[in-house]
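Heads up: the structure comes next, in structure tokens.
What follows is calculated from the coordinates using simple rules that are stated; it is not laboratory data. Bear in mind that the values here come from a model prediction, so they are computed numbers and not experimental data. Ideal geometry is used to build each Cβ from the backbone, glycine not excepted, and the neighbour counts take in all protein chains shown.
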Amino acid sequence: MNRLRFCFLLPARIWFVVLFFAPLAIICAYSLLTRGVYGGVELPWTWESYQRMIDPLYGVILLRSVVLSAAATGICIVLAFPLALFISRATRRKNLYLQLVMLPFWTSFLVRTYAWMFLLRDTGLVNTALIGMGFLRQPLPLLYNDAAVLLGLVYAFLPFMVLPLYATLERMDPALLEAAADLGARPRAAFFRVIVPLARPGIWAGIALVFIPCLGAYLTPDLLGGGKSVMIGNLVQNQFTNARDWPFGAAASLTLMLLTLAALGIFYRRGPKDLL
Amino acid sequence: MRRRHFLFGSLATGLSACRRDRRPRLNVYNWSAYVAPDTIPNFEKEFGVRVRYVTYESNEEMLAQVITGNSGWDIVFPTHNRVPPMSSMGLLAPLDRSRLKNLPNLDPQFQSPSWDRALEWCMPYMWFGTGIAFNRSVAPAPSAWADLWSPRFKGRLTMLDDPEDVIGASLKKLGLPFGSTDPDEIRRAEHELFQQKPLVRAYLNAEVRDQLVSGDVLVAQLWSTTAAQALDVSPSLDFVFPAEGFPLYCDCAVILRESRRRELAHEFLDYLLRPAVSAAIAQSTLTATANAGGHALLPDKLRNSAALYPALDVLRRGEWPGTLPPAAQRLRDRIWTEVKAS
């Protein structure tokens, strides 16, 4: 019996070791080695990369990443909730709406980010339209600032908030709202005291799915921020390219991973157990 | 153009794979947009071989593969200052000059370059410098790195997203060497970059081209080849090599030590050295060929382009940056992170 169990679990174990632990072990090893002069890594083993992480400069970058990610997550909740509620209440075309939410995934993220650049730049669609209608004289600086990065992050991860919210709201019994109304709750009270508490598992799942990938984002700050605002993802990327400092890049990405795990730990404790 | 080329290239590779092609295969890894559409097909036809042609966007991307010594590539195109380290790491195969009959076609300044005096390891291919691209509506026109600190360009100015070039420009503005390794000098350059940052719209590489053409950006620190491509599209743009001095770069073809088709690789390099071939490449990609024979065949407009082929007295202000020692490289990287995170 035990042997059978072992055999059936073996593929999963191999998959786990080969695809998860082995790459992670390589990153760990790299972070403890010395920088090769022209990229790559060399002996001897050293803690130096981690010592360098303890530096106000990287603290600032980390803080900025956390603040931007938290802001993006917050905006995603506010935008996604009505949308998810609407889709879950829709009687017809429910599948169509869901497809529309997922439609952006059918094209490359890079192409969609470039599309935003075309919309936001000085001679882009938004500025041209506003000037054409006489609202503006000078184009607004919409591109290459933190607001543009935030917009890009919200745009990129909104579906990841909508889908789990939809999944929980869909399961909610509409009769509960009728009961709330019968007991004298106005729509507003019903929303905050009935719908939101019931949707909490979806909210937590959405937060995890949006906040964590946001922390590691590097393409959006690079393209929409114009390289003027560095997030930790950019720091890691730069170590593996321009700076040719793989150990430090590995150490930085492991630090990011530890922080992410810590965040997940909080979700585990605070959030509902059945979700994560 | 690049995408179409890639599509046709992969289609051709796919089809030839189906036919179980027995022809020998050469593996070439080059920068994107660095050959004419017919360069590779013509070589395949003439020599009866197949070429696996793939492109990259940065030296680091290429080095990360090649450094393993088992990358599967025969020929790659590092920038000149990556050639000495690559050869000292034992990654390169020496060039056999007897197989490169067309080597004398190279421009005299590339016959014995500072990074490889005897052309033992590399064949200079395309070259370019870093300067300032600007809109002619700007008056007075910028002519020096110091002009990139002028408040009149606030919000309409971009710098390259490249620490070596940006810190180098700042050093040049201060009258210091482009490749300085002195921590005090590098710190002074950083101070200048902090001063400049409020004026800078963004740190952009080739993607600034469209915004220069559309007029969003008025002044940009830019590579001469990228600038020449923008100038070709928009008559309202111009390019200048700054007065304080500027860096020059040359991308060179090298044969890797791991290559098992060195003879064929030499044939390919010699093919690229043919005047007609190098002229066709330079004309289709708007880059500056290191091949004097090819240069002579170019149409007048291209041949006399001041951005691509600066005059001798301009060239005298240029310098060919070497490789930075690790300590200086690390300090510069830190400074770059500080400037961008500020």
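Taking all pairs of distinct Cα atoms, average 1/r, flip it, and tell me the Kirkwood hydrodynamic radius of chain B in Å to one decimal place.
The answer is 21.1 Å.
Return A:L10, A:L142 ranked ascending by Cβ neighbour count within 10 Å, so the fewest neighbours appear first.
So the ranking, lowest neighbour count to highest, is A:L10, A:L142.
Loop-only chymotrypsin sites (Phe, Trp or Tyr not before Pro) in segment B:245-342, please: DSSP not H, G, I, E or B, and at most 11 other Cβ atoms within 10 Å.
Of the chymotrypsin sites (Phe, Trp or Tyr not before Pro), not one in the loops of segment B:245-342 has a Cβ with at most 11 other Cβ atoms within 10 Å.
Looking at the calculated P(r) for the protein assembly as shown, what percent of the C-alpha pair distances fall above 43 Å?
32 percent
Dipole size in debye (nearest 20) for chain A around its Cα centre, Lys and Arg Cβ +1, Asp and Glu Cβ -1?
For this selection, approximately 660 debye.
What is the dipole size for the protein assembly as shown, taken about its Cα centre, with +1 at each Lys and Arg Cβ and -1 at each Asp and Glu Cβ, in debye to the nearest 20?
That gives a dipole near 1940 debye.
Residue by residue through segment B:315-323, which ³J(HN,Hα) values in whole Hz follow from phi under the Karplus form 6.51 cos²θ - 1.76 cosθ + 1.60 (θ = phi - 60°), with glycine and proline marked x?
Karplus values, whole Hz, x for Gly and Pro: 4, 4, 7, x, 9, 9, x, x, 7.
In degrees, nearest 10, range 0 to 90: what is the angle between the Cα axis of helix B:183-196 and the longest Cα principal axis of chain B?
Approximately 70 degrees, to the nearest ten.
If you average the C-alpha positions of segment B:39-106 and of segment A:205-266 separately, how far apart do those two centres end up, in angstrom?
So the separation of the two Cα centres works out to 34 Å.
In whole Hz, with x marking every Gly and Pro, tabulate ³J(HN,Hα) for segment A:77-94 from phi via Karplus 6.51 cos²θ - 1.76 cosθ + 1.60, θ = phi - 60°.
Working through the residues one at a time gives 4, 4, 6, 7, 4, x, 5, 5, 4, 4, 5, 5, 8, 4, 8, 9, 6, 4 Hz.
How high is the relative contact order of chain B? Use alpha-carbon pairs under 8 Å, at least six apart in sequence, and give a whole percent.
For chain B, the relative contact order is 25 percent.
Would you mind telling me which residue in A:A180, A:A217, A:A71 has the biggest mean-square fluctuation in a Gaussian network model of chain A, where springs connect alpha carbons within a distance under 10 angstrom?
Answer for the Gaussian network model of chain A: A:A180.
What net charge do the residues around B:D74 carry, taking every other residue with its C-beta under 10 Å from that of B:D74, with Lys and Arg at +1 and Asp and Glu at -1?
Residues near B:D74 contribute +4 overall.
In terms of the ratio Rg/(2.2 N^0.38 Å) built on C-alpha atoms, what value belongs to chain A?
Cα-based Rg divided by the globular estimate yields 1.24.
Do the alpha carbons of any pairs in A:K228/B:K173; B:K173/B:K301; B:K172/B:K340 sit beyond 29 Å of each other, and which pairs?
Check vs 29 Å cut-off fails for B:K173/B:K301.
Please report A:I266, A:I207 as a ranked list, fewest other C-beta atoms within 10 angstrom at the top and most at the bottom.
Ordered from fewest to most neighbouring Cβ atoms within 10 Å, A:I266, A:I207 come out as A:I266, A:I207.
Which of B:D300, B:D161 comes first, and how do the rest follow, when ranked by fewest Cβ neighbours within 10 Å?
Fewest-to-most Cβ neighbours within 10 Å comes out as B:D300, B:D161.
Pick from A:R13, A:R193, A:R35: which residue has the top mean-square fluctuation in a GNM of chain A where Cα pairs under 10 Å get a spring?
A:R13
Please give every one of the aspartates and glutamates within straight-line cross-link reach of B:K45, meaning a C-alpha to C-alpha distance under 20 Å, and leave out same-chain neighbours fewer than 8 residues apart.
Of all the aspartates and glutamates, those that pass the test against B:K45 - Cα under 20 Å, at least 8 places apart if same chain - are B:D21, B:D74, B:E263, B:E267, B:D270.
How long are the semi-axes of the ellipsoid equivalent to segment A:170-239, from square roots of 5 times the Cα gyration tensor eigenvalues, in whole Å, largest first?
43, 12, 8
Of A:T123, A:I195, A:T260, which is farthest towards the positive pole of segment A:48-270's charge dipole, taken about the Cα centre with +1 and -1 on the beta-carbons of Lys, Arg and Asp, Glu respectively?
Result: A:I195, furthest along the dipole toward the positive end.
Please find the FRET efficiency linking A:A25 to A:A189, where r is the Cβ-Cβ separation and R0 is fixed at 45 Å, and quote it to the nearest 0.05.
After rounding to 0.05, the efficiency reads 0.25.
Given Cα pairs under 8 Å that are at least 6 residues apart, what percent is the relative contact order of segment A:91-227?
31 percent
Report, in deg cm²/dmol and to the nearest 500, the calculated mean residue ellipticity at 222 nm for chain B, where each DSSP H run with n ≥ 4 adds -39500 (n - 2.57) and the sum is divided by the residue count.
-11000 deg cm²/dmol
Rank B:T55, B:T289, B:T158 by mean-square fluctuation in a GNM of chain B with C-alpha springs under 10 angstrom and give only the top-ranked residue.
Its mean-square fluctuation being the largest, the pick is B:T55.
Mind checking which aspartates and glutamates have their C-alpha under 13 Å from B:K154, skipping anything on the same chain fewer than 8 residues away?
Excluding near neighbours in sequence, the set is B:D216.
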